[in-house]
Structure formats: C-alpha cells, structure tokens
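Just below is one structure, and these are the notes that go with it.
The values are calculated or read from the model by the stated rules, or taken from the named source; none is laboratory data. What you are looking at is a predicted structure, and each value in this text was computed from that prediction instead of being measured. Heads up, the Cβs are rebuilt from the backbone with ideal geometry, glycines too, and the neighbour counts pull from every protein chain shown.
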C-alpha cells in the first residue's frame, strides 16, 4: 500500500468522512474539511504567537476536536507537537505535576496549548520556564476558517511522543515524518484499510497506540473515526461495543486497538443482555497490544461476543514500542491466534523455550503469538552478547527498519533497558520467534535471575490472576535487595484468599527468591496512562521504604 504524506489530507480533505467525538447526547461530528479548516486556523494562530518551524509545543488536552486540530495545526505551522495526557488520566496531583515538569524538561517547548480550566494550573507548574501557555480559543481568535494551511517548511520531526513510563521517568521520543509515514503505511497495509473502513477507539490519544494507531492512521486514511475518551469506556464499555454494530443507522466500525486489560474490563462489566440485537459480523480487526496478551482473556472476550456474530479471527495480537514509532509485528487478517506453552521456572536468555515432557502442567503458561513483522520492519532475538539466536530460544527482541525513530530528545538516565545501537533498537523486551512469529515474554528490566533462570514479572502476575486475584488490583516488582533476588507482590486491599494465594504463587513461580506480599491501600499501584504498572518507580519506593502497606506473614498461606 502506497505511503501517504502525513499532512496530505489537510490540502484535500474528504467531504464524505470525518471524526465523531463522544458527547453526552451522542456524537460531536466533524467532517474532514471542517477539521482541516480548524487545523489551519490553529497553524496561523501559532505563527501569530511567533511559534516557528522546529519549535516544540506541548498539547495538554482531552480527546476532542481541539486536540486533533491542534495536533495537525502545530505540524502545519512547521512546529513539533508534544502531546501530554491531561490530569483526568492521573489520580494524584503531585504525580501529575512531576509528570508535566519531566515532560517539559525533556521536550523544552516554547509553548503549551491547553484547556481554559487548565491554563492557570499549567502556568503555575511551568513558572519561570519561559513557556507560553495558551488555549485553542485564544490562538484562533479573529482568524477565519478560510485562512487555509500556511506555506511553511516542514520540520524533520513530526512529533515527540513520550514513552509510557513503565520503566521509570517518561522519555521523549523524536519521531521523524519519514518514520511516522512508514509506520502508518505499514498499519494500513496490514489491516487492508480503505476509506470505507471506520475505526472506533477509547484509548488515550497522547502516545503510540491511541495517538498513531487510532487517530493519525484513520485520519491519514480519511476513513470515519469514532473517538470516546477513556472515561467513557471505563463507565460504559457497552457504548464502545455498540460502535461496531452494523445496523441500518449504526456506526458499523470495523477496526480498533486496545490493551489486554481493556478486553478484561469488557468481559467483567458487559452482560450478554446488554448486547441484545447487535450485529458484530463486520468487525474484522481488534489489535491487542501494549502489554502481554492473555489467551484466557481472548477466549472470554470471544465467548461474550460470538452470539453477536463476532469472529475470533478478528483478534490480532501485536507487538509495538514507542521507539519504533508504534507497530512492529501483528497477526495477519483472517488467521486465528496461536499460543505456545512455556515453563516459567526454566526460562533463561539463550535457553530453549519448549517445556520438557515431564513438566508439571501447573507450571506451564500459554504465551500468545504476536504475528510477523510488518512491512519495512525486521525483528531478531539475540543473546546477552547481541548474537542472533535461532527460533525457539529466549532472548532480547531487536528491531530494525524504516519505522525506527530518531532517538530520545534528552538524556535518558532512567534505568530502562531500551536503547539504540548500530541503527537497531534493543527493546529490553524478552521473547522468541517460532515459525517467523514473535512471542513476547516480558521486560528484561522487570525480571530477576534466580538459580540460573530468569523470572519475569508478567509470569508471576499471570499465575496470580490464575489464582483469582484481579489484575487491576495487583502488581509484581522484581529486583535485587539486601535479601538477594526479591519478588514483591503488591495487592490493593487484598481479600484473605488473595493474600494466601499470592504466598503460594511466590513459592511456586518465583522459587529461590525472597518473596514478599504487601497488602496496600487502594490506588497505591502507580500506572501509566495506558494502564501498565510503573514497576521501576514502585520498586525504588519499596527499596527506600516508601511503599505503604503491610507485609503479609508466611502464616497467611496456612
């Protein structure tokens, strides 16, 4: 599929399609010509505010037309957008303040565009920085819809997107236009996207999956897009599912993307009776990524929706990372996902992943395949020395290709294992290849060596979920403490049976490590805007004695 210049739609917007933003009484509908005119006014407003080519601009906005118009308006002005999540996606004001200040320190923007109600708080957070803080309304005041798109030299960098921060402080990744356009083209080719394929999403639109996969790609494709904010999805996931109904007056969306925990939320909150009358037979792509995919969750999601005509072949497990723009691998259309059984007790970098015939069935975990590399992407798995490994050997995932970004906008220093070396991205993620397909195990930075094997936080969490502990109420932290290799299971307001189960899992899955089970207050577990635990941050808090909670004694398992 041909590569489309990222801003081409601004010059020739399709009048028959557009973006619909969720509202209390339905949808706030914007045609592509209307959105392009809005973006043009923003671009002229930025020029008037003396924001020039190459300048960076923070965008602190909710999902809505203002965000979309500002994002493209900044690009059209020759500047570089730096999207930042609004405080709605954070539960703690101090954490949010630290997040914004870290982003500003990394990006060094000249301006910030935000909501009217956030202008004063942002001014306070960015005091003495010299950053202009304004609103969209102020930017476009007095500028007519007929202003058009200004003729300026395009910046080399399309945007700065910030990593999720799961491994520590967020890092700004500079995404060149060439990399972004290559990744968007690869996604469109993978999904066989045409302008007649509507997309629906509830994901935060501030980085990778939500920003590139579910906003930029449909807009560049000029297909219909239905956007709900994350708060809508949390309150009413059935509304999101109704976006895929193909009835006479229904949206009929066919494409989407979401993390594993999003599927879990749907299966927990949506009852079969809420789906009565829905026809989901045209829903053909559900990209599942951002965290390790759970085969049992895919099965439960399928069981819930199959009576409405949903085809399980629409489930497309995928692997992506911000440093490679977004998508790296993905399962092909019309292919049913596959799993591989691995024994978490025997994993080690360079070792075979196949379990032995005499392995205990309880020790095996099913890892979901994340498909093959997309167009223009190469994937290898290497050992600790960087030497490529054959298939079915565990190692670090390394990515090369046209979608690689230009690196970080500031020195990292966060302890994250992700790094660029010799025109390749060493992801810090562990996995293996089988039949050309990638299977992802977990983060090398979220693992410990115990008796020659590697224990991954994701494996311990999977075993805890199998014990009946809700994934949304737990996080596993791994590292080296004064007691040696240590596994800390953090459970928010744990039920007695959860705490007992956690003790049992630590003994079995993380055998040989110092196991600690912490019963903590609700909202203690820090998460990224995409829902992933910020393990490194919490590990440092644990080591420093700053993680609240009560250590559950070993007797709790008796």
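Of the residues examined, residue 529 is not one that is modelled with pLDDT of 85 or more, touching a helix residue (DSSP H, G or I) at 6+ places or on another chain (Cβ under 9 Å) and part of a loop (DSSP other than H, G, I, E, B). Screening the stretch 431-489 for strands (runs of 3 or more DSSP E) wholly inside it with 3 or more residues that are surrounded by 23 or more Cβ atoms within 10 Å (Cβ to Cβ) returns the ranges 437-443, 474-481. Checked against (1) modelled with pLDDT of 95 or more; (2) part of a helix (DSSP H, G or I); (3) in the same structural domain as residue 141 (by TED's automatic domain parsing), residue 57 passes all but a single condition, namely (2). Can residue 182 be described as more than 15 Å from residue 46 (Cβ to Cβ), outside the structural domain of residue 83 (by TED's automatic domain parsing) and buried (at least 22 other Cβ atoms within 10 Å of the Cβ)? No: the conditions fail for residue 182. Would you check if residue 499 is under 21 Å from residue 343 (Cα atoms), outside any loop (DSSP other than H, G, I, E, B) and in the same structural domain as residue 523 (by TED's automatic domain parsing)? It is false that residue 499 is under 21 Å from residue 343 (Cα atoms), outside any loop (DSSP other than H, G, I, E, B) and in the same structural domain as residue 523 (by TED's automatic domain parsing).
Among the residues in the stretch 35-52, are any in a loop (DSSP other than H, G, I, E, B) and surrounded by fewer than 17 Cβ atoms within 10 Å (Cβ to Cβ)?
Step one: list which residues in the stretch 35-52 are in a loop (DSSP other than H, G, I, E, B), which gives 49-52.
With the extra rule that they be surrounded by fewer than 17 Cβ atoms within 10 Å (Cβ to Cβ), the set shrinks to 50, 52.
Scanning the stretch 35-52, I find at least one residue that is in a loop (DSSP other than H, G, I, E, B) and surrounded by fewer than 17 Cβ atoms within 10 Å (Cβ to Cβ), so the answer is yes.
If the condition is being crowded, with 18+ Cβ neighbours inside 10 Å and either touching a strand residue (DSSP E or B) at 6+ places or on another chain (Cβ under 8 Å) or modelled with pLDDT of 80 or more (or both), then the stretch 413-430 contributes 416, 418, 425, 426, 427, 428, 429, 430. Of everything listed in (1) modelled with pLDDT under 90; (2) touching a strand residue (DSSP E or B) at 6+ places or on another chain (Cβ under 8 Å); (3) farther than 28 Å from residue 15 by Cα, the single unmet condition for residue 160 is (1). The set of residues in the stretch 219-236 that are within 18 Å of the chain's Cα centre (by Cα) and more than 30 Å from residue 11 (Cα to Cα) comprises 230, 231, 232, 233, 234. Residues in the stretch 119-144 that are farther than 18 Å from residue 71 by Cβ and exposed (fewer than 15 other Cβ atoms within 10 Å of the Cβ): 120, 124, 127, 128, 130, 141, 142, 144. Given (1) under 21 Å from residue 349 (Cα atoms); (2) in contact with a strand residue (DSSP E or B) (Cβ under 7 Å, 6 or more places away or on another chain), identify the lone condition not met by residue 527. That leaves (1) as the condition not met.
All conditions in (1) surrounded by fewer than 17 Cβ atoms within 10 Å (Cβ to Cβ); (2) in contact (Cβ under 8 Å) with a residue 60 or more places away in the chain; (3) part of a strand (DSSP E or B) hold for residue 378, with the sole exception of (2).
Within the stretch 322-341, the residues that satisfy the criterion of being on the phi < 0 side of the Ramachandran plot, surrounded by fewer than 24 Cβ atoms within 10 Å (Cβ to Cβ) and not in a helix (DSSP H, G or I) are 332, 333, 335, 336, 337, 338, 339, 340, 341.
For the stretch 109-133, what are the residues that are more than 24 Å from the chain's Cα centre (by Cα) and within 19 Å of residue 54 (Cβ to Cβ)? Full working, then the answer.
Start the filter on the stretch 109-133 by keeping residues that are more than 24 Å from the chain's Cα centre (by Cα), which leaves 110-111, 116-133.
If the condition is that a residue be more than 24 Å from the chain's Cα centre (by Cα) and within 19 Å of residue 54 (Cβ to Cβ), then 110, 111, 129, 130, 131, 132 are the ones that fit.
What about residue 191, is it more than 29 Å from residue 534 (Cα to Cα) and touching a strand residue (DSSP E or B) at 6+ places or on another chain (Cβ under 8 Å)? Write out each step before concluding.
Values: more than 29 Å from residue 534 (Cα to Cα): yes; touching a strand residue (DSSP E or B) at 6+ places or on another chain (Cβ under 8 Å): yes.
So residue 191 fits the description; yes.
Applying the criterion of at least 1 residues that are surrounded by fewer than 22 Cβ atoms within 10 Å (Cβ to Cβ) to the strands (runs of 3 or more DSSP E) found wholly in the stretch 198-269 leaves 255-259. Restricted to the stretch 75-187, the set of strands (runs of 3 or more DSSP E) holding at least 1 residues that are in contact with a helix residue (DSSP H, G or I) (Cβ under 9 Å, 6 or more places away or on another chain) and free of Cβ contacts under 8 Å to residues at least 60 places away in the same chain comprises 111-114, 132-135. Kindly establish whether residue 67 is in a helix (DSSP H, G or I), out of contact with any helix residue (DSSP H, G or I) (no Cβ under 7 Å at 6 or more places or on another chain) and surrounded by 24 or more Cβ atoms within 10 Å (Cβ to Cβ). Yes, satisfied.
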